[in-house]
Amino acid sequence: MQEIGQLVLGIDLCDDITQVTVMRPHAAEPDAVCFDARTRKEFLPTVLCVNGAGEFFIGTAAEPGNREITGFFHTALGGGEVSCRDGVYAGRSLLEQYLALLLRMVRERFLNQEIGFVAVTCEEANTGGAVAGLLYEILEEKEGLRGKCLVLSHLEAFLHFAIRQEEGIWKNGSAAFDYAADGLLFYSMECRSAGGRRLVLADYKDYSEIVPAGFAEKEENERLALTFERLAGMALQQKPASLFVTGRSFEGEWVSEVLRLLSNGRRVFRGENLYTQGACYAAAEEFRKEQRVDVSLLMPGQITADVYLLAEDTAQEGELLMARAGEFYRRVQAEAVVLFDSAGKLTFKFVPAGGEAFLVRVAPKGLELRPDRTSRYLVRIFFVRRDCMAIQIKDIGFGEFYPPSHRIYEELADLSQLGS
């Protein structure tokens with residue numbers, strides 16, 4: 001239960017800038033945190049300043065003459081060090097200092113209200129779990145936020161942002177172009193419905209080799225629009241109902257013309273804080289225990305169907321749930337004890353979102369079938385890809401009457417019909 005006076009934060013952490021949004025107690029929408037009262041600036045440089053006494057500062061707390069340290073976020077992710085005039089610092093220690101000062105600044109801005117939950121999002125979390133692991137360690141161990149923090153990729157933050165908009169914007173699909181300093185990235189979401197539940201399938205494409213930083217400055221407006229339209233078509237099976245564009249490279253005279261052409265047949269939105277808002281929405285859902293039960297988000301790498309082993313093949317009654325849609329395929333590990341009858345077959349049922357359930361039957365070869373349902377086997381499943389399930393069947397015997405042979409049968413079930 002949410003305690004009175006606690007804040008919920010969403011932080012978009014990049015190597016050059018940081019954005020923060022806050023959701024106050026009982027508020028439904030996040031507000032951007034302003035880091036400079038004079039300029040109303042909502043961007044904070046991801047920069048540490050150090051004075052002659054070795055004290056660190058960020059933002060407007062820094063004074064003229066302080067030395068600036070930049071680039072420590074990427075350095076911390078790589079486990080490296082940053083050199084400056086007064087010495088060498090471990091990238092991780094600098095990141096720890098920065099996050100500690102950032103959270104302190106937010107607390108002071110809101111009269112030392114306690115922080116109830118923090119969600120941090122960054123682009124680097126799109127491609128690897130090591131980034132999330134590092135940020136969790138710092139937030140939990142150094143900032144005392146164990147159980148009160150969440151680390152999201154930009155793709156996840158985009159999804160949380162999109163589904164909090166009016167339903168007409170995202171229910172028929174949505175996408176986002178992020179033209180960042182390193183080039184163009186593309187995020188997409190597709191909605192499927194099944195059994196009163198909607199699954200949002202997400203995807204991520206890195207188009208920085210096709211549209212690198214500075215590409216827009218060299219191309220004509222119409223060709224730019226066609227390039228963006230072609231890339232969206234390459235990534236999506238159907239035209240999204242809405243498109244978001246973000247990133248500080250979306251600036252210049254060319255942008256308005258490109259957006260006009262991209263808006264043909266869809267709604268187009270432009271903004272610079274959708275990731276930090278999405279992170280704040282996700283943090284509020286976790287903190288207030290208000291997750292939407294009718295919508296499940298499926299990221300790349302998560303399976304897209306519930307997996308059941310049918311009752312007649314197991315020692316239990318009813319369908320045995322082996323895996324749930326939304327689990328990361330690498331983490332799926334399930335097993336069950338099976339008593340084969342004379343038919344010697346197993347039946348798995350797959351229930352995808354927005355599609356018809358279908359069966360996969362397995363008839364293991366080379367395993368002995370014994371009389372009177374004494375063929376006892378251990379069935380184990382795991383996924384080798386999002387759309388490929390491995391099935392292992394091992395003879396474990398039947399007590400003292402039939403000792404185990406330990407023979408193993410293996411088969412791969414192609415589930416590409418579920419969609420990638």
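Under a point-charge model restricted to the Cβ atoms of Lys and Arg (+1) and Asp and Glu (-1), what is the dipole moment magnitude of the chain relative to its Cα centre, in debye to the nearest 20?
I would put it at about 740 debye.
Just the accessible area per residue of the chain, please: how many Å² with a 1.4 Å probe?
So the chain comes to 48 Å² accessible per residue, rounded to a whole number.
Rule-of-thumb check for region 167-220: C-alpha Rg over 2.2 N^0.38 Å?
Region 167-220 yields a ratio of 1.50.
Which residue, chosen from Cys34, Gly271, Gly91, occupies the Cα position most advanced towards the positive end of the dipole of the chain, where the dipole is computed from +1 (Lys, Arg) and -1 (Asp, Glu) charges on Cβ about the Cα centre?
The one lying farthest along the dipole's positive direction is Gly271.
Along the positive direction of the dipole of region 101-216 (beta-carbon charges: Lys, Arg +1; Asp, Glu -1; about the Cα centre), which of Pro212, Ala181, Leu201 reaches farthest?
Highest projection toward the positive end goes to Leu201.
Quickly estimate the mean residue ellipticity at 222 nm for the chain, helices only: each DSSP H run with n ≥ 4 gives -39500 (n - 2.57), and the total goes over all residues, rounded to 500.
-6000 deg cm²/dmol, from helical runs alone.
Per-residue counts of other Cβ atoms within 10 Å, averaged by peptide: what ranking do you get for 223-232, 8-17, 404-413, highest first?
Ranking the peptides 223-232, 8-17, 404-413 by packing returns 8-17, 223-232, 404-413.
How would you order 66-73, 115-122 from highest to lowest mean count of nearby Cβ atoms within 10 Å?
Ranking the peptides 66-73, 115-122 by packing returns 115-122, 66-73.
For the chain, list the DSSP H helices whose alpha carbon atoms reach 20 Å or more along the long axis and whose average Kyte-Doolittle value is -1.0 or above?
91-109, 221-235, 274-288
Out of the total accessible area of the chain (probe 1.4 Å, heavy atoms of protein only), what percent is carbon and sulfur?
47
Among DSSP beta bridges whose residues both lie in region 78-155, state the antiparallel percentage, nearest 5.
If we restrict to bridges inside region 78-155, about 45 percent are antiparallel.
Note the full-extension length gain between Arg331 and Tyr402 as 0.36 nm times their separation in residues minus their Cα-Cα distance, in nm to one decimal.
Computed gain between Arg331 and Tyr402 is 22.2 nm.
How much length would be gained if the chain were fully extended between Leu111 and Asn172, taking 0.36 nm per residue of separation minus their Cα-Cα distance, in nm to one decimal?
Net length gain for the segment: 17.7 nm.
Lysine pairs in the chain with Cα distance under 13 Å, only those 8 or more apart or on different chains: how many are there?
Summing the qualifying lysine pairs gives 4.
Of the listed peptides 50-63, 19-32, what is their order by residue-averaged count of other C-beta atoms within 10 Å, with the highest listed first?
19-32, 50-63
Explain nothing, just the number: relative contact order of region 68-214, from Cα pairs under 8 Å at least 6 residues apart, as a whole percent.
Taking the mean separation of contacting Cα pairs over the length of region 68-214, I get 14 percent.
How large is the convex hull of the C-alpha atoms of the chain per residue, in Å³?
Roughly 192 Å³ of hull volume per residue.
Shape call for region 138-240 from the C-alpha gyration tensor, a ≥ b ≥ c root eigenvalues: rounded (a/c under 1.5), prolate (a/b greater than b/c) or oblate?
Verdict is oblate for region 138-240.
The values are calculated or read from the model by the stated rules, or taken from the named source; none is laboratory data. As the structure is a computational prediction, the values presented were derived from the model and not from experiment. Using ideal geometry, Cβ is built from the backbone for each residue, glycine included, and neighbour counts are taken over all protein chains shown. When the accessible area is computed, the model is the full protein with side chains, heavy atoms only, and any ligands, DNA or RNA have been set aside. Shrake-Rupley method; radii C 1.70, N 1.55, O 1.52, S 1.80 Å.
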